[in-house]
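The values are calculated or read from the model by the stated rules, or taken from the named source; none is laboratory data. Keep in mind it's a predicted model, so treat the numbers as computed, not measured. Glycine also receives a Cβ, built like all others from the backbone with ideal geometry; neighbour counts cover every protein chain displayed.
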Amino acid sequence: MTAAARLSAFEALGRGFANLRGNWPLAIASVVAMVVLTVGIVVSVVPLLLATGLEVADLARLADDPQAVEKLRGFDPTAFSGSQLLVGLLVLLGGLVVTSLFYAWFQAGAIGVLSAGDAQAPPGPGRSPEYFRTWSGRDFVGQAGRLFGRVLGFWALWLGLWILWLLVLAGVVLAGAWGASRWGGGAALAIGCGGALPVGFSLLAMALAMNLGQADLARADGSAAAAVGVGFRVLSARLGAALGLWFLFFCALTAWGLFAGGLGWAAGVALADQPAAVGALTLVRFLFDMLVNSVLTLALLAASIALVRSERARSLNPESVA
């Protein structure tokens, strides 16, 4: 196979968007999945709220209703039946587990479809979306089933890495407290500042490596552990491109948030005397938010897949690139 050209952040993002345009039903499926996840989480919370006497409406009005805030402040969990609270907590825990498994299944399918699309298209930037088109419902389900275990294993490995990071952070905090008790506030400040830089950089590096690593999960001879290693190796080789992808992603997400927020505020002012219209507009905005967030998230995933595959084709292990 001819080695792929090294892609810049803009080229990887362009290839990612072309991949997503070629497999556009995946964005619709993502919106449906997000709605299912939202409903699942809400349904999981309801039994706990019923057991405690709280209402979903009270929580929704916390931002602008002082009475709802006062009601929450006066909440006393000891005033309710322990068995009801236990059942509510168990239902909540079960719901979170089920929704997490569903999200892992969907993520596995999305990674599989987008990876297959990138593998099918000729290497390099500027490719037509037609080259990437691999979507079918059967293929998505098949990819989800094939990669589901890998995604769970990948998450488990990263959970362990995040726990280690939290332990390091706790160590820095404790070292600062020990320094303060032994040598005073100046020592605590020195220890804290000295530890903050590597701890903060490691947080950024781990987040970027995790995003890049999941892009390698669909490789035929890959594994969860191998994907973790690939994420760090690609990050070390293409730190600027990885940062560029996230910067562009957050810029787009922020721009949409400002636009949608401003439009919602203007519509709320204009329709202040029409609560039904405001409710309908809120629902429409919620669905559009899900669609835009899904498109941007999938485009970032597809761009990361393009970046990782191009780097593997160039330097990591060319003969194993699908």
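Below is a table of values for the structure above.
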read-out	value
Selected residue (only one of Ser236, Ser304 is crowded, with 16+ Cβ neighbours inside 10 Å, hydroxyl-bearing (Ser, Thr, Tyr) and either at positive phi or modelled with pLDDT of 90 or more (or both))	Ser304
Segment 80-95 residues that are modelled with pLDDT of 75 or more, paired with ones that are part of a helix (DSSP H, G or I) and hydroxyl-bearing (Ser, Thr, Tyr) (beta carbon under 7 Å, 6 or more apart)	Val91/Ser44; Leu92/Ser44; Gly95/Ser44
Matching option when the condition is over 23 Å from Gly153 (Cα atoms) and buried (at least 21 other Cβ atoms within 10 Å of the Cβ), among Ala241, Ala215, Ala227, Ala209	Ala241
One residue from Val228, Val234, Val172 being touching a helix residue (DSSP H, G or I) at 6+ places or on another chain (Cβ under 7 Å) and over 26 Å from Arg146 (Cβ atoms)	Val172
Members of segment 221-272 found to be among the small types (Gly, Ala, Ser), in contact with a Gly (Cβ under 9 Å, 6 or more places away or on another chain) and closer than 13 Å to Asn211 by Cβ, listed by number	Ala227, Gly231
Selection status of Leu157, within 17 Å of the chain's Cα centre (by Cα) and in contact (Cβ under 8 Å) with a residue 60 or more places away in the chain	yes
Candidates Gly142, Gly124, Gly117, Gly149 - the one that is part of a loop (DSSP other than H, G, I, E, B) and over 17 Å from the mean Cα position of the chain (by Cα)	Gly124
Set Leu263, Leu298: member being in a helix (DSSP H, G or I) and touching a residue at least 40 places away in the same chain (Cβ under 8 Å)	Leu298
Residues of segment 117-130 that turn out to be farther than 15 Å from Leu13 by Cβ and either surrounded by fewer than 16 Cβ atoms within 10 Å (Cβ to Cβ) or polar (S, T, N, Q) (or both), as a count	4
Residue in segment 270-286 that is surrounded by 14 or more Cβ atoms within 10 Å (Cβ to Cβ) and closer than 24 Å to Ala144 by Cβ present	no
Condition met for Gln143 (within 22 Å of Trp246 (Cα to Cα) and among the polar types (S, T, N, Q))	no
Residue satisfying condition, being at positive phi and either surrounded by fewer than 18 Cβ atoms within 10 Å (Cβ to Cβ) or charged (D, E, K, R) (or both), within set Gly149, Gly171, Gly184, Gly145	Gly184
